[in-house]
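Computed from the coordinates by the stated procedures, all read-outs in this text should not be read as laboratory data. The model shown is predicted, which means the values in this text are computed figures rather than measured ones. Heads up, the Cβs are rebuilt from the backbone with ideal geometry, glycines too, and the neighbour counts pull from every protein chain shown.
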Amino acid sequence: MILIVVEHANGKVSKSTWEMVTAARELGREAPITALVLGSAIASIAAEIATAVDQVLVADLPALAQYDPELWSAAVAQIATEGEASLLLIGGSRSGREYSPRVAIKLDAPLLEDVISLKANGDTLTAQHYTYLARVTETIEATGPIVVATIKPGIFNPATPRAESPAEQFDVDLNLPAPRVQVTGKTAERSSRVSLAEAEIVVSGGRGVGSAEGFTQYVEALADQLGAAVGATRAIVDAGWRPYSEQVGQTGKTVQPKLYIAIGISGAVQHLSGMNKSKIIVAINRDAEAPIFKIADYGIVGDVPQLVPAILAELKK
Amino acid sequence: MRILTFIRQVLDAEESVHVSNNAVALENSKLVMDTMDEYGVEEALRLRESGVEAEIIAVAVGSARVQEALRTALAMGVDRAIHVETDVRLDAIALSKVLAQIAQQEEATLILSGGQQADWDSHALGAATAERLHWPQVTWTSALELKGTTLTGKHDVDDGSESFTLELPAVITTQQGLNEPRYPTLPNIMKSKKKELRKESLEQFNVTPKLKFVSAEIQVKDRVNKILDGKDVPAAASQLVNLLRNEARVIA
Ligand SMILES: Cc1cc2nc3c(=O)[nH]c(=O)nc-3n(C[C@H](O)[C@H](O)[C@H](O)COP(=O)(O)OP(=O)(O)OC[C@H]3O[C@@H](n4cnc5c(N)ncnc54)[C@H](O)[C@@H]3O)c2cc1C
Ligand SMILES: Nc1ncnc2c1ncn2[C@@H]1O[C@H](COP(=O)(O)O)[C@@H](O)[C@H]1O
């Protein structure tokens with residue numbers, strides 16, 4: 001079987017899971033597609049994913065209320081072994097990328113990380129992924145009775161439910177270790193806007209917006225006008241103008257919206273690595289030599305405080 | 001206690017990437033210690049400076065050139081270095097087997113490793129090494145403290161950040177914000193020349209790559225690249241909005 005570990009949040013199956021279903025279907029293997037749902041009070045999640053796969057395995061346990069890499073890897077490796085899975089798909093989220101290496105080692109399996117394309121040829125899997133801060137596309141191969149892969153979010157099209165009746169659900173028993181890392185506090189990201197990961201349009205600001213107030217005045221105003229998410233460079237996150245949760249780049253988030261508007265951003269490679277796959281890139285920067293213009297589809301060389309209000313006025317026309 | 005910091009040597013961020021013969025070519029490029037690993041070295045030094053009695057060992061696996069990065073670590077202040085010299089490209093799962101064995105030989109109880117490698121963009125090494133050693137791990141750490149054998153700190157998770165506490169031994173992966181790595185000073189560079197840099201061969205670790213590397217290419221999307229002059233502000237604004245609406249069709 002092909003085993004997909006379901007990512008879910010706030011009582012819903014995450015977009016990344018539907019993308020993994022597509023990755024599994026496109027392989028065209030005979031093996032049934034099985035979804036594994038881990039968590040506590042997750043009946044609705046199991047029912048939701050049952051519309052898209054062949055089989056659902058459910059571990060609904062209080063012990064799984066809180067994600068932990070050792071619990072998750074133990075659970076997933078156990079189910080993969082018992083179900084004789086030939087391929088294990090895990091979301092390329094922070095948590096997925098954190099526990100998947102443990103699973104690979106437990107199963108003595110190769111690990112394909114952050115996969116953007118996946119093809120099967122017998123028991124060899126050929127995958128592509130980005131390297132060198134997303135500047136290079138590399139093709140890699142893994143062979144074995146079982147292969148573990150994390151699927152980069154936002155690349156595969158989300159799958160749609162099938163016409164057939166929902167898949168059967170089975171409860172599974174797990175041998176779980178005791179968690180060793182104690183969580184003593186949590187700061188959740190909160191935003192009234194669409195999330196960066198799922199937004200179709202992202203408006204980002206850099207040092208060129210001048211100040212935290214400038215960010216609100218130009219970047220947030222434009223984002224609200226366009227129904228967009230907001231992003232930031234590390235420079236202004238470090239300066240405390242914006243929260244880290246908005247940072248785009250190597251050490252922030254990766255986005256690939258249909259429109260990315262970079263305001264007062266120079267375009268350092270570490271920033272580009274988080275946004276250079278965007279469909280259309282727009283840059284506003286007063287320095288015509290700024291590297292961001294090299295990868296821009298459209299842009300204006302000029303001053304942010306003058307240009308952005310004029311663009312807003314034009315959009316409201 | 002002994003602290004291991006894993007070091008990778010990667011392309012300097014300012015350098016362009018070149019591909020030839022289906023692989024990234026680094027022969028003529030400037031290479032530096034991965035910034036993510038600098039955070040690890042710096043954090044180990046700070047733990048010691050905060051009063052923890054520790055020997056700090058930098059470990060790298062890779063070609064002869066990788067010893068330059070180990071020399072940098074020695075100059076920053078680590079006590080000694082181990083270089084497993086090989087030209088074989090090992091994926092993170094394979095590499096963790098070497099590092100876990102070294103951790104055991106050295107009886108280390110804390111390992112610091114970069115959160116994401118700037119060459120393979122991999123996040124897997126820290127977690128994979130922790131699994132091999134049966135240790136707990138914390139990834140994407142942005143603050144760290146050690147009191148006795150208890151680590152506390154803060155790290156990033158899917159939907160925000162968490163404070164944590166755990167007992168040694170442990171693997172910690174680093175993240176921007178953890179610290180500001182120091183520059184080696186001239187006296188420290190001089191001193192570091194006398195420090196031990198031990199060479200090991202890969203054979204003894206009994207490791208083979210788990211992945212086959214087939215090819216690498218630089219795929220740049222063709223960009224329209226229409227850059228307008230913003231001197232006439234209203235005209236430029238109107239032209240841009242028009243292009244986005246009617247040519248790119250990305251806004252209503
Ligand atoms: C390990 C590592 C990880 C990193 N990770 C990230 C990351 O995840 N994300 C990230 O963004 N960076 C990251 N960086 C930092 C990165 O290298 C850059 O320093 C950063 O992206 C620069 O941010 P910026 O473009 O806002 O600032 P700057 O580079 O200072 O650029 C500001 C731009 O604004 C323009 N400008 C100024 N005033 C105006 C005006 N009035 N009108 C129009 N334009 C104006 C200037 O011409 C300039 O081009 C990382 C660095 C390291 C070493
Ligand atoms: N047309 C393009 N589309 C997207 N990114 C690009 C494009 N051209 C260059 N880049 C990015 O620009 C940065 C610097 O490129 P280089 O100097 O060629 O290594 C890298 O992050 C590339 O991915």
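Observations, loosely collected:
- Surface/4 of the Cα convex hull for chain A, nm²: 17.8
- Straight-distance crosslink candidates among lysines, where the alpha carbon sits under 26 Å from residue A:12 and sequence neighbours closer than 8 are dropped: A:152, A:186, A:253, A:258
- For peptide A:88-101, the mean count of partner chain Cβ atoms within 10 Å of a residue's Cβ comes to 5.
- Counted over the protein assembly as shown, the DSSP beta bridges are approximately 40% antiparallel.
- Sequence-distant contacts, meaning Cα pairs under 8 Å at least 6 residues apart, place the relative contact order of chain A at 14 percent.
- Backbone phi angles across the range A:84-96, fed through the Karplus curve with coefficients 6.51, -1.76 and 1.60 (θ = phi - 60°), yield HN-Hα couplings of 6, 5, 9, 8, 10, 10, 10, x, x, 7, 4, 5, x Hz in residue order; Gly and Pro are listed as x.
- Rounded if a/c under 1.5, otherwise prolate or oblate - the range A:80-129, Cα gyration tensor axes: oblate
- q = 0.07, 0.11 Å⁻¹, chain B: log10 I(q)/I(0) [Debye, one scatterer per Cα]: -0.31, -0.65
- Each helix, a run of at least 4 DSSP H residues, gives -39500 (n - 2.57); summed and divided by the residues of chain A, these come to -6500 deg cm²/dmol at 222 nm.
- Check: chain A dipole with +1 on Lys, Arg Cβ and -1 on Asp, Glu Cβ, in debye: 980
- Phi to ³J(HN,Hα) by Karplus 6.51 cos²θ - 1.76 cosθ + 1.60 over the range B:186-192, Hz, x for Gly, Pro: 4, x, 5, 5, 4, 4, 5
- Relative contact order (percent, whole number), the range A:181-317, Cα cutoff 8 Å, 6+ residue spacing: 22
- Averaging the sequence gap over all C-alpha pairs within less than 8 Å and six or more residues apart, then dividing by the number of residues, gives chain B a relative contact order of 23 percent.
- Counting, for every residue in A:247-254, the Cβ atoms of other protein chains within 10 Å of its Cβ and taking the mean gives 3.
- Gyration tensor verdict on the range A:120-168 (Cα atoms; rounded if a/c is under 1.5, prolate if a/b is larger than b/c, oblate otherwise): oblate
- DSSP-defined beta bridges in the range B:1-160 - what % are antiparallel, rounded to 5: 45
- Calculated on alpha-carbon atoms, Rg and Dmax of the range A:2-171 in Å: 14.8, 45
- Count, lysine Cα pairs under 27 Å in chain B, 8 or more residues apart or across chains: 15
- Interatomic Cα distance distribution for the protein assembly as shown, bins of 20 angstrom, percent: 21, 53, 26, 1
- With 5 Å bins from 0: P(r) over the range A:208-317, alpha-carbon pairs, percent: 2, 13, 23, 28, 23, 9, 1, 0
- The antiparallel fraction among DSSP beta bridges confined to chain A stands at about 25%.
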